[in-house]
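This report concerns only the one structure given below.
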Amino acid sequence: MINFKKEIANMISECTQINSEELKTYIEIPPDDTMGDYAFPCFKLAKALKKAPPIIATEIKENIKSDGEIIDKIEIAGGYLNFYINKKTLIRNVLEEMESKNSKYGNSNIGKGKNIVIDYSAPNIAKPFHIGHLRSTVIGAALYNIYKYLGFNVIGINHLGDYGTQFGKMIEGYKLWGKEYDLNEDPIGKLTDIYVRINNLCKEDENVLNECRNNFKKLEEGDQYCTELWKKFKELSLKEFQKVYDLLGSTFDSWNGESFYIDKMPEVIEKLKASGRLEESEGAKIVNLENAGISTPIIIEKSNGSTTYATRDLAAILYRARTYDFDKALYVTSYEQNLHFKQIFETAKLLGLDEKYTNSLEHVAFGMVLLKTGKMSTREGNVIKLEELLNEAISRAKDIIEEKNPELENKEEIAKKVGIGAVIFNDLSNSRIKDEIFDWDTILNFQGETGPYIQYIYVRTKSIIDNIEKLPDVKEININELQDEEEIKIIKLLYQFENVLENVIDKNEPSILSRYLINLAQAYSSYYNSNKILVEDIEKKNARIYLTYMIGNVLQIGAKLLGIDMPNKM
Ligand code: ARG
């Protein structure tokens, strides 16, 4: 597809002799169309050309070679040059690209040969899969899909919390009271109860605490009884987690959790020792990171000799660098772990790895999910069972559908797409670092900026397309029939899609895509409300049908990249 920015940069380059790649980075998209489709800020060149911006603007305008095929008109506005692109060229390009790429519209090869590791979801064994893990799962999956769509080789890792001193306690609790609990039903709830109980006992009784520590030691040494119990906890938990993953449609390339790194930690300790930075402090082994502006030291080994979450993450960095040769390694967790990631990224520089790896570690942090207390099913105060939450989303969606469209077939299936889609979209709709308020009425509002809204607009496009005999051939479309203001606006949005995806991975910010889909859906909705699609005039009709088809196609592709399935009816 034609790249207008690049074309404009080339034209300016020809008359200024400045590198066109550099020029391209200066070109802006003005906030509204009255300032052109693209704008070039001439003050960026004032220094290099030793001239005032208005003079530069005038000279470029006079000397630029443009045959009208790409640029319609150039205007000077202060120190800016405003470029109005040739709308026919734009429309023709979008139509042809849509026809040739179809359901692959927007995909590209810019990531070819690059490996991206995404560490996401990562719930903890024997603990509830909570709403923060849901956010990680949803953001991680969206990034995974989008990187992949742009040609990157992506490795999705579920770094399960399946190791740590808490398992010494779990084992002790199970030894003492296991018989009282039937783990076949709600195993995570029961294991959490056991954990709370043993923790309380540990506070009262030093001997029990010592037993727990001893269990963890035994587990580290491979003791059979302890290992079997740990395995049992893990299996039961994974089975529960899978229910959530099935509802969301999540998959992972690797399930290597923390326990995978047990035998890989000694190397980390060796390397840190060799770096001369490992220190003893009150019996623990630490690395002081003050020189990097991090006032809390990282603990590599506790005073009782056990390793830590951080040590396992360092071992994982070594392993992932060697195994996946990553060009980027992303960690999707809440901002509560900011310090942890700062510490491990800094400490990773002491492991003797190539800078290529240590410079490409990135914490993709997100905000908290705040609950509007009320009808939401909770157990134990504010711990929400995620499976229940997702099922509630489905049943609420079903109630709405029942009310709006009682005749609909396959209500169950549609309610699942709408309910799950609503929850996913909600997690992705605002900039990820913002805290989010979870409120049923907002996320399921068919007219709001929601997943169901996008699905609803998609379904409208689909019903039009399904009711015509066949999609018109692009060659038969009269471009003059797509030049109204609203049509141009839609086509410009469609043109931007690939660029939107690139912006998502630039900032690791899926909300850029969510906002875009809302804009696209709203633009079509307003078009549809003021224009009949199936008009008498054949040329008008064909053009409008094709526009409708393009919208539906891009909404579907975009939603799928976010992890949302489209219903065919709703
Ligand atoms: N299990 C951790 C938690 O629940 C998240 C793990 C994130 N990944 C990592 N490599 N540390 O908070």
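Note on ASP263 and LYS232: with the Förster distance fixed at 22 Å, the Cβ-Cβ geometry gives a FRET efficiency of about 0.55. Once the C-beta distance of ILE488 and GLU96 is scaled by a Förster radius of 25 Å, the resulting FRET efficiency is 0.90 to the nearest 0.05. Simple point charges give the picture: +1 on the Cβ of Lys and Arg, -1 on the Cβ of Asp and Glu, and for segment 288-329 a dipole about the Cα centre of about 140 debye.
Each peptide in 152-163, 325-336, 469-480 receives the mean, over its residues, of other Cβ atoms within 10 Å, and ordering these scores from highest gives 152-163, 325-336, 469-480. The share of Cα pairs per 5 Å bin across segment 189-312, counted from zero up to the longest distance, runs 2, 8, 12, 16, 17, 15, 13, 10, 5, 0 percent.
Using every pair of separate Cα atoms, the Kirkwood estimate puts the hydrodynamic radius of segment 257-316 at 11.8 angstrom. Taking the helices alone, the chain has a mean residue ellipticity at 222 nm of -17500 deg cm²/dmol, built from -39,500 (n - 2.57) per DSSP H run of at least 4 residues and averaged over all its residues. Selection among ILE538, SER463, GLY106 by position relative to the dipole of the chain gives GLY106 as farthest towards the positive end (Cβ unit charges, Cα centre). Going 7 Å from the Cα of LEU534 toward and past its Cβ, which residues in segment 540-556 have a backbone nitrogen under 16 Å from where you end up? So the set is 540-549.
Here segment 422-533 is assigned +1 on the Cβ of each Lys and Arg and -1 on the Cβ of each Asp and Glu. Its dipole about the Cα centre then comes out at about 80 debye.
Over all directions, the projected convex hull of the C-alpha atoms in segment 451-540 averages 6.7 nm² in area.
Taking the convex hull of the alpha carbon positions in segment 233-275 and averaging its projected area over all directions gives 4.4 nm². Taking the charge dipole of the chain about its Cα centre, with +1 at Lys and Arg Cβ atoms and -1 at Asp and Glu Cβ atoms, the residue from ASN391, ILE116, LEU248 reaching farthest to the positive side is ILE116. If you plug the beta carbon distance of GLN242 and ASN210 into 1/(1 + (r/R0)^6) with R0 = 56 Å, you get a FRET efficiency near 0.95.
In this simple spin-label approximation, ASN63 and GLU355 carry label points 7 Å from Cα along the Cα→Cβ vector, and these lie 3.8 nm apart.
Its residue count N sets the reference 2.2 N^0.38 Å, and the alpha-carbon radius of gyration of segment 391-531 equals 1.19 times that reference. With a cut-off of 14 Å between beta carbons, the residues surrounding SER121 carry a summed charge of -4, where Lys and Arg count +1 and Asp and Glu -1.
Basic side chains Lys and Arg get +1 at the Cβ, acidic Asp and Glu get -1 at the Cβ, and with that the dipole of segment 1-112 about its Cα centre reaches some 340 debye. If the segment from LYS273 to GLU21 were pulled out straight at 0.36 nm per residue, it would be longer than the present Cα-Cα gap by 86.2 nm. With N as its number of residues, the chain has a Cα radius of gyration that, divided by 2.2 N^0.38 Å, comes to 1.15. Here the translational diffusion coefficient of segment 303-357 follows from Stokes-Einstein with Rh set to the Kirkwood radius across Cα pairs; for 37 °C and 0.692 mPa s it amounts to 269 µm²/s. In segment 1-71, one over the average inverse separation of all distinct C-alpha pairs is 12.5 Å, which is the Kirkwood hydrodynamic radius. For ASN499 and GLU180, the difference between the fully extended length at 0.36 nm per residue and the C-alpha to C-alpha distance is 109.0 nm. Across all Cα pairs in segment 292-419, the calculated P(r) in 5 Å bins from zero up to the longest distance comes to 2, 9, 13, 12, 11, 9, 9, 10, 9, 7, 5, 2, 1, 0 percent per bin. When the listed pairs LYS47/LYS489; LYS218/LYS273; LYS273/LYS356; LYS24/LYS356; LYS239/LYS271 are checked against a 30 Å cut-off, the alpha-carbon distance exceeds it for LYS47/LYS489; LYS239/LYS271.
Here the Debye sum runs over all C-alpha atoms of segment 1-134 as equal scatterers in vacuum, and log10 of I(q)/I(0) at q = 0.09, 0.13, 0.21 Å⁻¹ comes out as -0.43, -0.68, -1.22.
Here segment 19-46 and segment 223-279 have alpha carbon centers that stand 50 Å from each other. Selection among ASN359, SER431, ILE27 by position relative to the dipole of the chain gives ASN359 as farthest towards the positive end (Cβ unit charges, Cα centre). Legend: translational diffusion of segment 391-448 by Stokes-Einstein, Rh = Kirkwood radius over C-alpha pairs, 37 °C, 0.692 mPa s; D = 275 µm²/s.
Under the simplified labelling scheme, the LYS302-ASN109 pair shows an inter-label distance of 5.2 nm, with each label point 7 Å from Cα along Cα→Cβ.
Coordinate-derived values only; no laboratory data. None of the values given here were measured: they were computed from a predicted structure. Note that we place each Cβ from the backbone using ideal geometry, even for glycine, and neighbour counts take in every protein chain shown.
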